[in-house]
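The values are calculated or read from the model by the stated rules, or taken from the named source; none is laboratory data. Bear in mind the structure is a predicted one, so any value in this text is a computation, not a measurement. Cβ sites come from the backbone with ideal geometry, for glycine too, and all protein chains shown count toward neighbours.
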Amino acid sequence: MREYIPVLMFVIVAIGFAGVTLGLSQITMPIRRNARKMAPYECGVEPVGSARNRFHVKFYLVALLFILFDIEAVFLYPWAVTFRQLGLYGLIEMGLFILILFIGYVYLLGKRALEWES
Amino acid sequence: MKDLLQNPDFQLVFWSFVKIFVILNGLLGVVSYMILAERKVAGRMQGRPGPNRVGPAGTLQPIADVIKLFFKEEFIPAAANKVIFNIAPALAVIPALVSFSIVPIGPNFTVTDLNVGLLLFLAMSSIGVYAVTLGGWSSNNKYALLGGLRSSAQMISYELAMGLSTIGVLMLTGSLSMVEIVKAQQNLPFILFQPLAFVIFMITALAETNRAPFDLPEAEAELVAGFHTEYSSMKFGLFFLGEFTNVITICSIATTLFLGGWNGPWLPDSLKFIWFFAKLAVLVFFFMWVRWTFPRLRYDQLMNLGWKILLPLSLANVLVTGLAMYWLQNR
């Protein structure tokens, strides 16, 4: 666990850097607010409707499919690192695993879940 | 006092702090000048000289830009979510900086030699997606929301192919540690053994960092400025800094994984970091070159490329690498 101490230090230093930059900019900036400036930007016209709209379900689908295939990638990592010791048996096992997930992927393509901006 | 200096924990913290300080300042300096280099390269590719007024040949331009950003007015739009609006730019910069803690710059110059170094980089790039989504959503602006969602959908789609393309390198090395990966390339860089993975990694790196030709989510003509429409002054500066730091980080990872890191002939160990920076410069120039060469991809073309072409290709690369390694081991 000792190797993670520098990473923690780097995180703290990076947070400090971001905080100092933002804090310094708050101190040095002029403040001249008016109502027109504070309105949401919509190419110069009056904003129409609320910004907290519903958005298309395809974004949710992309995220969900990402999770599924990311889990597959997570299983591939330990296998890849110990590949030399696993021999043919390991290769065929992983080949079958990838094949099963690939069948799922082909189903996705057939069901057109990845169509039109995914 | 002497006991404190001999204490190994204190030495670890102290030397790590020195390395972090050097890397952070070096990185910020390199990023600022990389922005200038991008503008000059862009200018030259478009037949004009780029910034050349401020300082000799424009070399003080980044300083002028930073000072200007500090003195700009900045406000939080009405009905925006204040807390998240403030956190999002910091969240864009921190993962990009922290990923540098595992990059081996020279034979003894890594902030830390994690035995799962590559996974830290992939984890940090996944956290970077949050910055974009939260920045877009918290701005209370339809264009920002759409830009943020599209950008994050693009980033996660290409993250898959990026992760899978690094698996070939892992199979050849047998370790996730970046220092081990560089040591395994002492004779030949892995680009010779994994050319397809290198190409896939570079394409997905372009998409991960939202750079052209994959920059539709922040395209000026299509979506105003995408997820950073409502940001100004240093918050925008931090987003911008985060984007360019991401470019340098991903190019460093590509250098380490495929081009051999700090390996190279003719230089003694203490100067090997020059090879690292030379390779990094080549890849960063390639990123800039691509930006001004190709037209932007339309969003559905972008997603098709990520899901239907790069993902199966990287899986095929994994299987072919496995078969080739098995066959070569056992012939």
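A count restricted to region B:147-186 and to residues that are closer than 21 Å to residue A:83 by Cα, within 7 Å of chain A (Cβ to nearest Cβ) and in a helix (DSSP H, G or I) stands at 6.
Pick out the one residue from B:88, B:42 that is assigned by TED's automatic domain parsing to the domain that holds residue B:292 and either part of a helix (DSSP H, G or I) or farther than 20 Å from residue B:234 by Cα (or both). Give the steps one after another, and end with the answer.
Numbers: B:42 fails: assigned by TED's automatic domain parsing to the domain that holds residue B:292.
Every option except B:88 fails the conditions.
Filtering region A:96-108 for residues that are over 14 Å from residue B:311 (Cβ atoms) and at the interface with chain B (Cβ under 9 Å from one of its Cβ atoms) leaves an empty set. Within region B:89-98, is even one residue surrounded by fewer than 18 Cβ atoms within 10 Å (Cβ to Cβ), touching a residue at least 40 places away in the same chain (Cβ under 8 Å) and not charged (D, E, K, R)? No, region B:89-98 contains no residue that is surrounded by fewer than 18 Cβ atoms within 10 Å (Cβ to Cβ), touching a residue at least 40 places away in the same chain (Cβ under 8 Å) and not charged (D, E, K, R). When we screen B:226, B:174 for residues that are closer than 29 Å to residue B:327 by Cα and either modelled with pLDDT under 90 or outside the structural domain of residue B:81 (by TED's automatic domain parsing) (or both), the only hit is B:174.
Name the single residue that is nearest to the other protein chains (Cβ to nearest Cβ) among those in region B:280-329 being β-branched (Val, Ile, Thr) and more than 25 Å from residue A:102 (Cβ to Cβ). Going through the qualifying residues, I end up with B:284. One residue stands out among those in region A:89-118 that are in a helix (DSSP H, G or I) and in contact with a Phe, Trp or Tyr (Cβ under 6 Å, 6 or more places away or on another chain): the one that is surrounded by the fewest Cβ atoms within 10 Å (Cβ to Cβ), which is A:91.
When residue B:193 is tested against the conditions (1) closer than 30 Å to residue B:240 by Cα; (2) within 14 Å of chain A (Cβ to nearest Cβ), the lone failure is (1). Just name the residue that is farthest from the other protein chains (Cβ to nearest Cβ) out of those in region B:114-146 that are at pLDDT 85 or above and outside any helix (DSSP H, G or I). Taking the candidates together, the pick is B:116. Read through the list (1) more than 14 Å from every other protein chain (Cβ to nearest Cβ); (2) surrounded by fewer than 19 Cβ atoms within 10 Å (Cβ to Cβ), then give the number of the only condition that residue B:36 fails. Exception for residue B:36: condition (2). Do you know which residues across region B:113-122 are surrounded by fewer than 23 Cβ atoms within 10 Å (Cβ to Cβ) and not aliphatic (A, V, I, L, M)? Passing the criteria: B:113, B:115.
May I ask you to say which residue of A:80, A:51, A:113 is more than 22 Å from the chain's Cα centre (by Cα), modelled with pLDDT under 85 and not polar (S, T, N, Q)? Criteria check complete, one pass: A:51. Restricting attention to region B:261-309, the residues that are of a type outside the set (Phe, Trp, Tyr), part of a loop (DSSP other than H, G, I, E, B) and surrounded by fewer than 23 Cβ atoms within 10 Å (Cβ to Cβ) add up to 11.
Residues that are within 23 Å of residue B:184 (Cβ to Cβ) and either touching a helix residue (DSSP H, G or I) at 6+ places or on another chain (Cβ under 6 Å) or touching a residue at least 60 places away in the same chain (Cβ under 8 Å) (or both) were ranked within region A:72-87; the one that is farthest from the other protein chains (Cβ to nearest Cβ) is A:79.
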